[in-house]
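The values are calculated or read from the model by the stated rules, or taken from the named source; none is laboratory data. Remember, it's a predicted structure, so these values are computed and weren't measured experimentally. Neighbour counts are summed over all protein chains in view; Cβ atoms, including those assigned to glycine, are modelled from backbone coordinates with ideal geometry. Just the protein is used for accessible areas: all its heavy atoms, side chains included, with ligands, DNA and RNA removed. Shrake-Rupley method; radii C 1.70, N 1.55, O 1.52, S 1.80 Å.
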Amino acid sequence: MPNIKIFSGSSHPDLSQKIADRLGLELGKVVTKKFSNQETCVEIGESVRGEDVYIVQSGCGEINDNLMELLIMINACKIASASRVTAVIPCFPYARQDKKDKVGSRAPISAKLVANMLSVSGADHIITMDLHASQIQGFFDIPVDNLYAEPAVLKWIKENIPEWKNCTIVSPDAGGAKRVTSIADRLNVDFALIHKERKKANEVDRMVLVGDVTDRVAILVDDMADTCGTICHAADKLISAGATKVYAILTHGIFSGPAISRINNACFEAVVVTNTIPQEEKMNCYIAFVTMDE
């Protein structure tokens, strides 16, 4: 059996260290730098010949730079005769661009392009978490493991929401219906969903609640939140529909643009995210911001 080596990209070194600590391994030596013209340069600082290499790089922060850094790291290990290279990408970049939204649209399917780039760079295996659209796995001709945050979500709900037996799990859009029904079934509680209509990207026009949240705790569950317009509108909708409290549990907390101010002005009891994306700079809002490390 080849030895396992774990290398960290620059997007989320804390997560890489936690993974290495859990496995009882040391992170591999790697130096990443940029030339004056902003080209990325990567130097693997130890032998990977015949090794089983894992490279941890989340699709966050400076997404394009971090994606390019990941591709270069994969290729560097591959041409250094690594036995197998696995890209661990907790938050998959460009996952929302997984289809053409309109007939005759000239929009790209960028998630497919990213899949091609990862394959061409030499990746043998992809590990990711809560893909925005699970069919992205079909964009690859190599194995893809799409892990789920559901076990950590269930644990957090049971340990931190005393009234969880009288709650309703809510999806803020129709696309997340399968996710919330699975969690609701595991908790043996009701579920609801919100149908939203968009005028354009990152801007919600109208919302319609399907289900009952009267006198119940509403728990919004989604795979990601970017500008947070959707979940904040959804929280207002749930309160106006009679919910006593509203929680939001998200796998990928992107929180770009006005997200934090929107959360601070919304009616959440808590906003809970996993640590697929580093949140140290955003934990200063007064909402009970929690990261699930498991």
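Considering amide H positions built from the backbone, and no H for Pro or chain starts, which residues 5 or more places from Lys5, or on another chain, come under 5 Å of its amide H?
Result for Lys5 returns Asp52, Val53, Tyr54.
If we sort 54-63, 155-164 on the protection proxy, mean other Cβ atoms within 10 Å, highest first, what's the order?
Ranked from most to least packed, the peptides come out as 54-63, 155-164.
Applying the Karplus parametrisation 6.51 cos²θ - 1.76 cosθ + 1.60 with θ = phi - 60° to the phi angles of segment 207-215, what ³J(HN,Hα) value in whole Hz is obtained for each residue in order, glycine and proline being reported as x?
Values, residue by residue: 10, 10, 7, 10, x, 10, 10, 4, 6 Hz.
So what's the back-of-envelope 222 nm ellipticity for the chain, counting only DSSP H runs of four-plus at -39500 (n - 2.57) apiece and dividing by all residues, rounded to 500?
-8500 deg cm²/dmol
Relative to the longest principal axis of the C-alpha atoms of the chain, give the angle of the C-alpha long axis of helix 177-187, reported between 0 and 90° and rounded to the nearest 10°.
Its long axis makes an angle of about 70 degrees.
Cα axis of helix 63-79 to longest principal axis of the chain: angle in degrees, 0 to 90, nearest 10?
Helix 63-79 sits at roughly 40 degrees to that axis.
Would you mind giving the average projected area, over all directions, of the Cα convex hull of segment 4-147 in nm² with one decimal?
Taking a quarter of the hull surface, the average projection is 9.2 nm².
Given H placed 1.01 Å from N in the peptide plane, which residues other than close sequence neighbours of Val30 have an amide H under 5 Å from its amide H?
Residues meeting the criterion, in which the H sits 1.01 Å from N, are Gly45.
Taking the Cα atoms only, what angle lies between the long axis of helix 229-240 and the longest principal axis of the chain, rounded to 10 degrees?
Tilt of helix 229-240: around 20 degrees.
Over segment 149-292, what relative contact order in percent results from Cα pairs under 8 Å that are six or more residues apart?
RCO, segment 149-292: 19 percent.
From the C-alpha gyration tensor of segment 54-106, pull out the three semi-axes of the equivalent ellipsoid (sqrt of 5λ each), sorted largest to smallest, in whole Å.
Gyration-tensor ellipsoid for segment 54-106: 28, 13, 10 Å.
For the chain, take the convex hull of the Cα atoms, compute a quarter of its surface area, and give me that in nm², please.
Directional mean of the projected Cα hull area for the chain stands at 16.9 nm².
Using modelled amide H (1.01 Å from N, peptide plane; none on Pro or chain starts), what sits under 5 Å from the amide H of Asp173, excluding residues fewer than 5 places away?
For Asp173, the qualifying residues are Ile194.
Return the inverse of the average 1/r over all pairs of distinct C-alpha atoms in segment 149-292, which is the Kirkwood hydrodynamic radius, in Å to one decimal.
Radius from the Kirkwood sum: 14.9 Å.
With the Cα gyration tensor of segment 72-145 in hand, convert its eigenvalues to equivalent ellipsoid semi-axes via √(5λ) and list them largest first in whole Å.
Gyration-tensor ellipsoid for segment 72-145: 25, 13, 9 Å.
Using the heavy atoms of the protein chains alone and a 1.4 angstrom probe, what is the accessible area of segment 149-292 per residue in square angstrom?
45 Å²
Give the residue list of trypsin sites (Lys or Arg not before Pro) in segment 71-118 that are DSSP loop and have at most 16 other beta-carbon atoms within 10 angstrom.
Sparse-neighbourhood loop trypsin sites (Lys or Arg not before Pro): Arg96, Lys99, Lys100, Lys102, Arg106.
For segment 63-172, which whole percent of the accessible surface, found with a 1.4 angstrom probe, sits on carbon and sulfur atoms?
Roughly 55 percent, rounded to a whole number.
What lysines could a cross-link reach from Lys100, if we take a straight Cα to Cα line under 23 Å and drop same-chain neighbours fewer than 8 places away?
By straight Cα distance, Lys100 reaches Lys112, Lys178, Lys196, Lys199, Lys200.
So for segment 1-75, considering every pair of alpha-carbon atoms, how many percent are separated by more than 15 Å?
It works out to 55 percent of all Cα pairs.
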